[in-house]
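Here is the structure we will look at.
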């Protein structure tokens, strides 16, 4: 019956039937085309070679992957901070050697601005990659002519020598334009060393402070010598700006005859001389600090408005050889525990929580910077854990809980100070617990016009003015990646009261 009706309809109204058949055919054709386009887009979205080749593509957190894949304008402004650290310490690390054969870092379609000789400015899109790495993952574009090989800068990015790595993360800085409280700018190399019996230790800083480089500024070498249960001894040497040399390209500094020099194998040669503040003698420092491979924090800077605070750790786990002599009596070190970091920024009204310690085969670092207009302890701390293969895990404890069971004296005033502290965090299946047992603590009144670790040449007017430096034992426990972690060792910790 249906067939009969169709034939009669075609016979009686041929033009209308033809129009209907044509419309139906056109609709089917459009649907086929749309399905084909959809299939192509789906295939394209699944093709990691569109952004670099290989089996896995790592992109910044929060990026719209579809925008990145299809070349949308929104994909032009994304980058990964500390990409080399991710390569060296995570993707290409010995820890993942069994799973990762090759890694190819790339910058795809980055927006740059080109200014021509006639003063005109044009926006351009640029890409960058390491030829050897792109070839290793099958993503090197075909060459019409010539050769494209890694140059020395490519080599330095993918495999820096220890000295090159120190220069890249441990160099000095200049205050950025528009920074607030320029006269409170401070930057310093900091070292601490610990005797093998853990009863004596020293803090050493090379500090640049003031309106660097074109205002009133200067420098100071500060050495504090500690012995458990006895008052600290403080030694200083001040230097005018014209006798100070520092570099924004490497970690070397010179303060008159005092210096920090990075050797070709990545060790720090530290030389200094300073007089006791009470006039009781002179200290001479001659140390070589050797950072352990992979035990470093690459650096981070907080910048908001005119506020800047930067921090890098070139020697999270290090050994020291050499001596510190006071009036001819020398403390000698041979493979003793040491630590080295680098700080820069504006410090008026700024406080922090900080600590670094060994815990068996692990070494950790924790901290938080609190600027004067912040809500203080509401911001979580960061907790950074390394082992013999480098970076192991990152935690974000919400707080550090102190037990103020110790009394110390500052300028004749009794002050309560921590005797214990606890940090804890859970991130997915990973857990962390660190217990600190404080063996010794000293305090500095930051309202005094002096240079101290974090102090520049002027008083800082803090709501919590007492800077507490502590030495103690750290006990680490928890799980990372399904594997228990734990250990015990000595470290140094700082807070404010």
Residue selected from region 133-166 under the condition touching a residue at least 60 places away in the same chain (Cβ under 8 Å) and out of contact with any helix residue (DSSP H, G or I) (no Cβ under 8 Å at 6 or more places or on another chain), by the criterion surrounded by the most Cβ atoms within 10 Å (Cβ to Cβ): 166
Region 306-325, residues that are assigned to a strand (DSSP E or B) and surrounded by fewer than 18 Cβ atoms within 10 Å (Cβ to Cβ): 310, 321, 323, 325
Among (1) under 13 Å from the mean Cα position of the chain (by Cα); (2) at pLDDT below 95, the one test that residue 345 misses: (1)
Candidate set from region 182-210 (those that are free of Cβ contacts under 8 Å to residues at least 60 places away in the same chain and over 25 Å from the mean Cα position of the chain (by Cα)); member that is farthest from residue 303 (Cα to Cα): 197
Within region 393-407, considering residues that are buried (at least 17 other Cβ atoms within 10 Å of the Cβ) and assigned to a strand (DSSP E or B), the one modelled with the lowest pLDDT: 406
Single match in 272, 303, 232, 295 (criterion: closer than 18 Å to residue 172 by Cβ and either modelled with pLDDT under 95 or part of a loop (DSSP other than H, G, I, E, B) (or both)): 303
Which numbered condition residue 249 fails, given (1) farther than 25 Å from residue 196 by Cα; (2) in contact with a helix residue (DSSP H, G or I) (Cβ under 9 Å, 6 or more places away or on another chain); (3) surrounded by 13 or more Cβ atoms within 10 Å (Cβ to Cβ): (3)
Filter result for the condition that a residue is closer than 30 Å to residue 311 by Cα and surrounded by fewer than 10 Cβ atoms within 10 Å (Cβ to Cβ), over 178, 119: 178
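The values are calculated or read from the model by the stated rules, or taken from the named source; none is laboratory data. Since the structure is predicted, the reported quantities are computational estimates derived from the model, not experimental observations. All Cβ positions, even for glycine, are placed from backbone atoms using ideal geometry, and neighbour counts span all protein chains on display.
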